[in-house]
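The values are calculated or read from the model by the stated rules, or taken from the named source; none is laboratory data. Since this is a predicted model, take the numbers as computed values, not measurements. Using ideal geometry, Cβ is built from the backbone for each residue, glycine included, and neighbour counts are taken over all protein chains shown. Heads up: the accessible areas ignore ligands, DNA and RNA and are worked out on the full protein's heavy atoms, side chains in. Shrake-Rupley method; radii C 1.70, N 1.55, O 1.52, S 1.80 Å.
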Amino acid sequence: MSFDDLPRSPSGRIPQWVIDEAQGRAATPTPWRADAYDTSAEAAAQAASRAGRHAGPAGLPRNIVGDQDWQYVHPGARPPRGRRTLRVRRARWAVGVLCGLLGAAWVGVWVQQLPELSWDAVMAELSRKPVRLADLEATGTLLPPEAVPGGGGFGGPEPGHEEADVPLGAPAPVDWDGAPYAFLSTQARPDGLEVPVTWSPCRPVHYVVNTAGAPVGFADDVATVVAELADATGFVFVDDGPTDESAGPDRPIYQPERYGRRWAPLLVQFSDETLQSGLEGDVVGQGGPRTVRREDGLLVAVSGTVWLDASLLERQPVDAEPAHVGVLRHELAHALGLDHVEDRTQLMNPETRGEFTTFQSGDLYGLSQLARGVCAPDL
């Protein structure tokens, strides 16, 4: 066959399909814009098998995804979001809105329970770390720190109120004969030294006296015993005068509307079992501190209460001293951090017989050790 007889293109060349047709071979048409790789399902399945991937629906590899219409997604690309994903997003949005509304409602209730403060003070309360408290058991021992109902509301005074860099005083020397003493609670300082839980020796201990139902001269009796304790402990006490506050066991330790923006002072008062259930039966007094936890976990007493039972007013004086004064010493020592001892020759023995109404050797040595308590610049 002569190529001269075959048709040519305008450029003068003979197309290959013309030569194949003249020689009797069938021509295979070339697809328009052919892909550089085969995208058929069979080829995709084979490619997936070679790559070690599991095939998706209808033999498609897992990087071919879709909601209704299958479409090819380049490996590493983010799959398209379908209606199911949209429903999940809407559900999450609804949950987020609900949580926000509940949070706003809680904050509203919280603010309503705050004292009457300026907006700046409210914002300061919001940013303040919650205070952790230690409750007082009827026996005068401290329970594990936890929130106390009515115990301080939200927040407290500005940290370091009246706090000095060093202890304000030192205890008087004690001629200790080895008599027993005990603390309500002890704790380990960062240096490992075991110390009693008590008031900060670096700030004064404020106290108030409620004279309702008390005998004439009761405030003077309290001042006399407080002076003895100041000498024995090295603590500095401040008499804030009389008060009309009559407290039960759930007394708040922070009362800015009554005492200003500071911890509520140590309260001394007469009472009975109708107001303080711990005075039931033959109990003639009860007292103890209220503690707050520092940022490093150490406890510091910031307030307290002493209750004397009204039945003491019916008792005869002991050694020319009213019967309630010996009990007052015992309970104020509790309020500072001393616990009971079994030795009946010590004032801190839990039973009073009128035989010992003043601080004895073990009592005085225990009181002197309270000066080792930790300071509280962050409270």
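Mind telling me which of the residues V225, V195 ends up being under 20 Å from G326 (Cα atoms) and in contact with a Lys or Arg (Cβ under 7 Å, 6 or more places away or on another chain)?
That would be V225, the only listed residue that is under 20 Å from G326 (Cα atoms) and in contact with a Lys or Arg (Cβ under 7 Å, 6 or more places away or on another chain).
Would a scan of the range 236-247 turn up a residue that is of a type outside the set (G, A, S), within 20 Å of H324 (Cα to Cα) and part of a helix (DSSP H, G or I)?
Within the range 236-247, not a single residue is of a type outside the set (G, A, S), within 20 Å of H324 (Cα to Cα) and part of a helix (DSSP H, G or I).
Of the residues V226, V236, which single one is open to solvent by 20 Å² or more (accessible area, probe 1.4 Å), closer than 22 Å to S185 by Cα and more than 28 Å from the chain's Cα centre (by Cα)?
Result: V236 is the single residue among V226, V236 that is open to solvent by 20 Å² or more (accessible area, probe 1.4 Å), closer than 22 Å to S185 by Cα and more than 28 Å from the chain's Cα centre (by Cα).
When the range 297-322 is examined, which residues are found to be open to solvent by 20 Å² or more (accessible area, probe 1.4 Å), of a type in the set (G, A, S) and not in a loop (DSSP other than H, G, I, E, B)?
Listed by number, the residues that qualify are A310, S311.
A quick yes/no check of all residues on (1) modelled with pLDDT of 95 or more; (2) open to solvent by 10 Å² or more (accessible area, probe 1.4 Å):
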position	(1), (2)
A172	no, yes
A188	no, yes
L193	no, yes
G213	no, yes
A230	yes, yes
E257	no, yes
L266	yes, no
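Please work out if R294 is in contact with a helix residue (DSSP H, G or I) (Cβ under 9 Å, 6 or more places away or on another chain), open to solvent by less than 50 Å² (accessible area, probe 1.4 Å), among the charged types (D, E, K, R) and touching a residue at least 40 places away in the same chain (Cβ under 8 Å).
The answer is no for R294.
Filter the range 269-291 down to residues that are part of a loop (DSSP other than H, G, I, E, B) and free of Cβ contacts under 8 Å to residues at least 40 places away in the same chain, then give me how many there are.
Result for the range 269-291: 9.
What residue, of L379, L332, L347, is closer than 15 Å to L229 by Cα, assigned to a loop (DSSP other than H, G, I, E, B) and open to solvent by less than 40 Å² (accessible area, probe 1.4 Å)?
Only one candidate qualifies: L347.
It is to be established whether one or more residues within the range 248-268 are of a type in the set (K, R) and part of a strand (DSSP E or B).
no
Take the residues of the range 335-344 that are in a loop (DSSP other than H, G, I, E, B) and within 38 Å of the chain's Cα centre (by Cα): which is farthest from P204 (Cα to Cα)?
Residue satisfying both the conditions and the ranking: E342.
Scan the range 92-112 residue by residue and report those that are at pLDDT 75 or above and either open to solvent by less than 60 Å² (accessible area, probe 1.4 Å) or touching a helix residue (DSSP H, G or I) at 6+ places or on another chain (Cβ under 6 Å) (or both).
Of everything in the range 92-112, those that are at pLDDT 75 or above and either open to solvent by less than 60 Å² (accessible area, probe 1.4 Å) or touching a helix residue (DSSP H, G or I) at 6+ places or on another chain (Cβ under 6 Å) (or both) turn out to be A94, G96, G100.
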